[in-house]
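In what follows, a single structure is set out as structure tokens and then discussed.
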Amino acid sequence: MNLLIVDDHPLIRQGLAQVLLPGQGFVIRHEARTAAEALDYLRNEHYDVVVLDINLPDQNGLELTKQFRSFNRHTPVLILSMLPEESLAVRSIKAGADGYVSKESPPETLIEALRKLARGRKHFSPELLYRVAQGAADQSVSAAHEKLSNREYQVMCLLAGGKSIAGIAEQLELSPNTISTYRARILEKLEMESNADLTRYAIANQLI
């Protein structure tokens, strides 16, 4: 199974190389640190599965997935993220991803997900797929957070989960001023006043 790993953290890439061994049927053919590098590989090479982090220095991974899907509808994409599935997996599905695995999952979960995707299957929890189906069945109801961009949504989930602006800035490799700007936009779009409001909203909508 030929893989492209897209993650800007060397330790994560090294860890994946230790887990996804040739003896288990995996070959990490290329590694990309940025969305630009990944797109160059994706336009010129073939892979059985793309393993993609959401936090990239030059572009959000979900936006990269949308770009990839504009010229390749078939190669499976597995999102690998620090956030739990319920936070971003619905948006991952909408962007065109085929599976979602938290970086806190055991290696066996990642291996199982890759093998499922290579066989043409999806890797999402049944609960998540039910929520997606329910949303499709009632498109007349549009949640307020659907107004947010993918990056704003990501920041909202982190704020709602109790992360500080400095902590989010470090995790997303952005400046604290940028995160503060995102926070102001989020509160304005959702018509809220505080992080506590975001937390209550996120819990009520099963986002965290």
Count of lysine pairs in the chain with Cα atoms under 17 Å apart, counting only pairs 8 or more residues apart in sequence or on different chains? 4
Exposure of His30 as accessible area (Å², to 10), given a probe of 1.4 Å and all protein chains: 40 Å²
Quick one: P(r) of the stretch 56-131 from all Cα-Cα pairs, 10 Å bins, percents rounded to integers, in order of increasing distance. 20, 54, 26, 1
log10 I(q)/I(0), Debye, Cα-only the stretch 1-121, no solvent, q = 0.17, 0.22, 0.23 Å⁻¹? -0.77, -1.44, -1.62
Please report how far the C-alpha centroid of the stretch 74-97 lies from that of the stretch 1-58, rounded to the nearest whole angstrom. 15 Å
Among bridges DSSP assigns within the stretch 7-103, what percent are antiparallel (round to 5)? 10 percent
Given the -39500 (n - 2.57) contribution per DSSP H run of 4+ residues, what per-residue ellipticity at 222 nm results for the chain, rounded to the nearest 500 deg cm²/dmol? -15500 deg cm²/dmol
Dipole magnitude of the chain, debye to nearest 20 (Cβ charges: Lys/Arg +1, Asp/Glu -1, about Cα centre): 500 debye
Suppose accessible area is computed on protein heavy atoms with a 1.4 Å probe; arrange Asp8, Asp58, Asp53 from highest to lowest. Asp58, Asp8, Asp53
Two decimals is fine: what is log10 I(q)/I(0) at q = 0.21, 0.28, 0.31 Å⁻¹ for the stretch 36-80, from a Debye sum with one equal scatterer on every Cα and no solvent? -0.64, -1.20, -1.45
3J(HN,Hα) from dihedral phi, the stretch 41-52, Karplus parametrisation 6.51/-1.76/1.60, rounded to Hz, x for glycine, proline: 5, 5, 7, 10, 10, 10, 10, 7, 8, 9, 9, 10
Added length on full extension, which subtracts the Cα-Cα distance from 0.36 nm per residue, Arg69 to Asp40: 9.0 nm
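The values are calculated or read from the model by the stated rules, or taken from the named source; none is laboratory data. Being a predicted model, the structure only gives us computed values, none of them experimental. Note: ideal-geometry Cβ built from the backbone for every residue, glycine included; neighbour counts use all protein chains shown. In case anyone asks, the SASA skips ligands and DNA or RNA and just uses the protein heavy atoms, side chains included. Shrake-Rupley method; radii C 1.70, N 1.55, O 1.52, S 1.80 Å.
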